[in-house]
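Engineer: Take this structure, written in structure tokens, and hold onto it; I'll ask about it next.
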Amino acid sequence: MRGRCAISCCSGSTELALYPLVRPLLFSIEEETAHRLTIAALKLLPKGRTEPHPRLRSRVAGIDFPNPIGLAAGFDKDAEVFGQALRLGFGFAEVGTLTPRPQAGNPRPRLFRLAEDKAVINRMGFNNRGQDAARARLAKRRRGGIVGINIGANKDSTDRVADYAQGARAMAPLADYLTVNISSPNTPGLRALQGRAALDELLAAVMEARGATPVFLKVAPDLERADIDDIAAVAMDRKLDALIVANTTVSRPPLKSRLREEAGGLSGAPLKALALERLRDFRSATGGALPLIAAGGIASGEDAFERIRAGASLVQLYSALVYSGPGLARAMAKDLRRLLRRHGFRNVAEAVGTEGLS
Ligand SMILES: Cc1cc2nc3c(=O)[nH]c(=O)nc-3n(C[C@H](O)[C@H](O)[C@H](O)COP(=O)(O)O)c2cc1C
């Protein structure tokens, strides 16, 4: 983004080059403590602004995204650093998952780095300070960047559909979009909401509560063909605005790390092939009628380009940040821009779903 960026280190290459020096220190600290340190450090990030490049601008669900590379949910659960994430070059930031009431989540340790595999396993269990606390912070934000709010249900809730409806009603006025997260593996029974009848009831309630705010649905990668067809049918029937494919996996592809048997959801490099396969499945199940947002093992401009060509209009990432550091979004945007140009695409939309076409 040479000549277009108002803050220093704007290519992302400086942060990328420096991060290997900082990473051993961060990796020597217990995972969750390192994450809290990262959030604290981000709060010190100087103000700045990145001008979007025309080739990367993307309009999805009526929203204008400055670039298609987003920060996935879970990094900024309590909506503390979404502004800083945008300043790091992300085209959008998704906060949450936020539940109606605060909850502690599962006992620690519950977050594991699998460094040999460039992966993460987590069983956080929707730890968050609740929607009211986040609302106060989100209400202060200056409009300009794109911020999505990811909502969930409390673990001890007796009416999970009511939790989602309440979350949609409370958070919609502050969100550019809402994400209905029913795909976390760490809240027992939550993924059952992906079943056809349960999903239909849930989405009916959320769509009524959301006002005019676009609603995205985030699905698991651990789905069979029949589940995929059901979810796609209900999502289109209920006129959802997009699907996010996918959350973490409970499966365990071959892994080197001794932590591989830890319970929880796996993300990062080993999720890449599965998440890409699910994206293709949802592309074929929706026939391109519903925008798709890809997540899972995305770590480079090439990865983003591959997902776009497989049918994604936007991409999101989390785990790769742990391994590549804060310069990643900007470096990826630069690489993606180059790839689009090299392949003759004037913008992202032109490249969406072009895989397999000559
Ligand atoms: C530590 C951690 C916490 C997460 N928490 C959430 C969450 O609260 N809500 C959610 O929808 N996804 C959550 N995710 C899933 C990510 O948003 C993303 O879908 C997944 O990690 C795959 O992307 P990645 O391979 O780039 O990490 C979490 C992931 C990690 C690693």
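Engineer: Can you pull out the helices (runs of 4 or more DSSP H) entirely within region 158-244 that have at least 2 residues that are within 28 Å of ARG280 (Cβ to Cβ)?
Structural biologist: Values: elements: 160-171, 196-209, 225-237.
Fully inside region 158-244 and qualifying: 196-209, 225-237.
Engineer: Hey, does region 29-46 have a residue that's touching a helix residue (DSSP H, G or I) at 6+ places or on another chain (Cβ under 6 Å), part of a loop (DSSP other than H, G, I, E, B) and surrounded by fewer than 16 Cβ atoms within 10 Å (Cβ to Cβ)?
Structural biologist: yes
Engineer: Taking region 106-148 only, how many residues are under 25 Å from VAL60 (Cβ atoms), aliphatic (A, V, I, L, M) and touching a strand residue (DSSP E or B) at 6+ places or on another chain (Cβ under 8 Å)?
Structural biologist: Final tally of qualifying residues: 4.
Engineer: Within region 122-145, take every residue that is at pLDDT 95 or above and assigned to a strand (DSSP E or B) and give me the one that is nearest to GLN103 (Cα to Cα).
Structural biologist: Ranking the qualifying residues of region 122-145, first place goes to ASN128.
Engineer: Kindly indicate which of ARG278, ARG307 is within 13 Å of the ligand (Cβ to nearest atom), basic (Lys, Arg) and over 25 Å from ASP200 (Cβ atoms).
Structural biologist: Values: ARG278 fails: over 25 Å from ASP200 (Cβ atoms).
Among ARG278, ARG307, only ARG307 is within 13 Å of the ligand (Cβ to nearest atom), basic (Lys, Arg) and over 25 Å from ASP200 (Cβ atoms).
Engineer: If you take the residues of region 252-261 that are assigned to a loop (DSSP other than H, G, I, E, B) and either within 13 Å of the ligand (Cβ to nearest atom) or of a type in the set (A, V, I, L, M, F, W, C) (or both), which of them is farthest from LYS218 (Cα to Cα)?
Structural biologist: Our first condition is that a residue be assigned to a loop (DSSP other than H, G, I, E, B); within region 252-261, this holds for 252-257.
Retained after the next criterion (residues that are either within 13 Å of the ligand (Cβ to nearest atom) or of a type in the set (A, V, I, L, M, F, W, C) (or both)): 253, 255.
Numbers: PRO253: 21, LEU255: 25 Å.
Among those residues, the one meeting the criterion is LEU255.
Engineer: Would you call ALA165 farther than 30 Å from PHE27 by Cα, surrounded by fewer than 23 Cβ atoms within 10 Å (Cβ to Cβ), within 19 Å of the chain's Cα centre (by Cα) and of a type outside the set (Lys, Arg)? Break it down into steps so the answer makes sense when it comes.
Structural biologist: Working: farther than 30 Å from PHE27 by Cα: yes; surrounded by fewer than 23 Cβ atoms within 10 Å (Cβ to Cβ): yes; within 19 Å of the chain's Cα centre (by Cα): no; of a type outside the set (Lys, Arg): yes.
So ALA165 fails the test.
Engineer: For region 85-125, which positions are under 16 Å from the mean Cα position of the chain (by Cα) and more than 9 Å from the ligand (Cβ to nearest atom)?
Structural biologist: ALA85, LEU86, LEU88, GLY89, PHE90, GLY91, PHE92, ALA93, VAL95
Engineer: Let me ask another. Going residue by residue through region 70-85, is there one that turns out to be touching a residue at least 24 places away in the same chain (Cβ under 8 Å), in contact with a Phe, Trp or Tyr (Cβ under 6 Å, 6 or more places away or on another chain), assigned to a strand (DSSP E or B) and farther than 19 Å from GLY130 by Cβ?
Structural biologist: yes
Engineer: Can you name every residue in region 131-159 that is in contact with a Ser or Thr (Cβ under 9 Å, 6 or more places away or on another chain) and within 15 Å of the ligand (Cβ to nearest atom)? Walk me through it before giving the result.
Structural biologist: Start the filter on region 131-159 by keeping residues that are in contact with a Ser or Thr (Cβ under 9 Å, 6 or more places away or on another chain), which leaves 131, 148-155, 157.
Those that are in contact with a Ser or Thr (Cβ under 9 Å, 6 or more places away or on another chain) and within 15 Å of the ligand (Cβ to nearest atom): GLN131, GLY148, ILE149, ASN150, ILE151, GLY152, ALA153, ASN154, LYS155.
To keep it simple, each residue is scored yes or no on (1) part of a loop (DSSP other than H, G, I, E, B); (2) more than 10 Å from the ligand (Cβ to nearest atom); (3) surrounded by 20 or more Cβ atoms within 10 Å (Cβ to Cβ).
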{"site": "ARG283", "(1), (2), (3)": "no, yes, yes"}
{"site": "GLY288", "(1), (2), (3)": "yes, yes, no"}
{"site": "ALA294", "(1), (2), (3)": "no, no, yes"}
{"site": "ILE298", "(1), (2), (3)": "yes, no, yes"}
{"site": "LEU314", "(1), (2), (3)": "no, yes, yes"}
{"site": "LEU321", "(1), (2), (3)": "no, no, yes"}
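Engineer: Please identify the pairs in which a residue from region 21-43 that is in contact (Cβ under 8 Å) with a residue 40 or more places away in the chain and under 18 Å from SER324 (Cβ atoms) has its Cβ atom under 7 Å from the Cβ atom of a residue that is surrounded by 14 or more Cβ atoms within 10 Å (Cβ to Cβ) and among the acidic types (Asp, Glu), counting only partners at least 6 apart or on another chain.
Structural biologist: Qualifying pairs under 7 Å: ILE39/GLU80.
Engineer: While we're looking at this one, here's another question. Cβ-Cβ below 7 Å, separation at least six or inter-chain, first residue in region 119-139 and without any contact (Cβ under 8 Å) to a residue 60 or more places away in the chain and over 15 Å from PHE82 (Cβ atoms), second away from the ligand (no atom under 15 Å from the Cβ) and charged (D, E, K, R): which pairs?
Structural biologist: Short answer, once both residue conditions are applied: GLY130/ARG101.
The values are calculated or read from the model by the stated rules, or taken from the named source; none is laboratory data. Remember, predicted model here, so these are calculated numbers, not experimental data. Quick reminder, even Gly has a Cβ in these numbers, built from the backbone with ideal geometry, and neighbours come from all protein chains shown.
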